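So the structure is just underneath, and the comments pick up after that.
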Amino acid sequence: MDQIVIIKCGGSVLKSLQPSFFQRLKEMEEEGKKIILVHGGGPDITKYMTALSIPVQFIDGVRRTSGQAAETAEMVLAGQLNPWFVYQLNQLGLKAIGLNGNDGALLECDYLKKEQWGHVGKVVSVNKGTLTQLMSAGFIPVIASVSRNLIGDILNLNADTVAFEIASAMEAESLIFVTDVDGILAEGKTVEKATTSSIRKLIETGIITGGMIPKVEAALNCLQSKIKEIQIVGKELNGTLIVKEEVFS
Ligand SMILES: Nc1ncnc2c1ncn2[C@@H]1O[C@H](COP(=O)(O)OP(=O)(O)O)[C@@H](O)[C@H]1O
Ligand SMILES: CC(=O)N[C@@H](CCC(=O)OP(=O)(O)O)C(=O)O
């Protein structure tokens, strides 16, 4: 079976991805790996919300999303960043195709908890067929983390969570989170290897906060599924490897 690699690019880093990143994608393709890209766009959504005087609120790295905030998220993610990213990839000779959760009925979504989070969505199911057909035709799917539910309400999806859901549904071999820091940092240094218990401790002690929380939670969920390799890395692709608890004999 094809080895599938999911790469999630955070909004924090999307616009400053380096040639080495795109080169690595090409190498992975040459190695016969199938790539799926997922992207966020938190900073740009915040920028446009601020310009439109829409209040911005994050709780543990997840945006509380009003109806207007959801409209902004859809405009920015599916209307602007996704075409921009697809364009960059195509320019470099990678055959990319842009999708949001609606395209090819890719993501079935519903409200996470409307009274608490507003228009934040959760992924109910992933349409594997949409992705496998595109990949068989030689495309790299590039997925924006926004979708609509069955009655057409816009749902803002955290891109780290979407990356995990896609990785899990596609039985991916690895999931790589690319962000604006070289992995999980503690006392100013990269934690090279993290396990469930070390991550829990770093959250409890307030070392992991904000936007790193959805990432490590997605990583911990990956450890429960069959995904073998999970990394959180910076632009140069150096960072933290997340592994199951080490067994000491
Ligand atoms: N222990 C930690 N190590 C590294 N980054 C952390 C940590 N705790 C919080 N963060 C924050 O998480 C941010 C990355 O998350 P986020 O801004 O949501 O990025 P992205 O847009 O890539 O998803 C870092 O820039 C940093 O400010
Ligand atoms: C519900 C929720 O938090 N949605 C995110 C979607 C974008 C995202 O996840 O962007 P990053 O990858 O840059 O963090 C948001 O509104 O910021």
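Quick note: the coordinates plus some simple rules give every number you see, no bench work behind them. Remember, it's a predicted structure, so these values are computed and weren't measured experimentally. All Cβ positions, even for glycine, are placed from backbone atoms using ideal geometry, and neighbour counts span all protein chains on display.
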Between the range 77-134 and the range 1-60, the Cα center-to-center distance that results, in Å: 12
Cα coordinate range in the range 111-222, projected on the principal axes (Å, largest first): 44, 40, 23
Label-point separation in nm, GLN224 to PHE58, each point 7 Å along Cα→Cβ: 2.4
Anchor LYS34: lysines whose Cα lies under 20 Å away (excluding residues fewer than 8 positions away in-chain): LYS8, LYS26, LYS95, LYS128, LYS226, LYS228
Computed lengthening from GLU245 to GLN80, 0.36 nm per intervening residue step minus Cα-Cα distance: 55.4 nm
Rounded to 5, percent antiparallel among DSSP beta bridges of the range 4-242: 35
Computed magnitude of the charge dipole of the chain (debye, nearest 20; Cβ of K, R +1, Cβ of D, E -1): 160
DSSP beta bridges in the range 10-142 [antiparallel fraction, %, rounded to 5]: 60
log₁₀ of I(q)/I(0) at q = 0.07, 0.16 Å⁻¹ - the range 4-242, Debye sum with one point per alpha carbon: -0.20, -1.17
The range 49-96 - convex hull of alpha carbons, volume per residue in Å³: 90
Span-like helix ranges in the chain, DSSP H, alpha carbon extent 18 angstrom or more, Kyte mean at least -1.0: 212-224
Taking ILE242, ILE35 and counting other C-beta atoms within 10 Å, the order from fewest to most: ILE35, ILE242
Spacing of the two label points (7 Å from each Cα toward its C-beta) at THR196 and THR132, in nm: 2.9
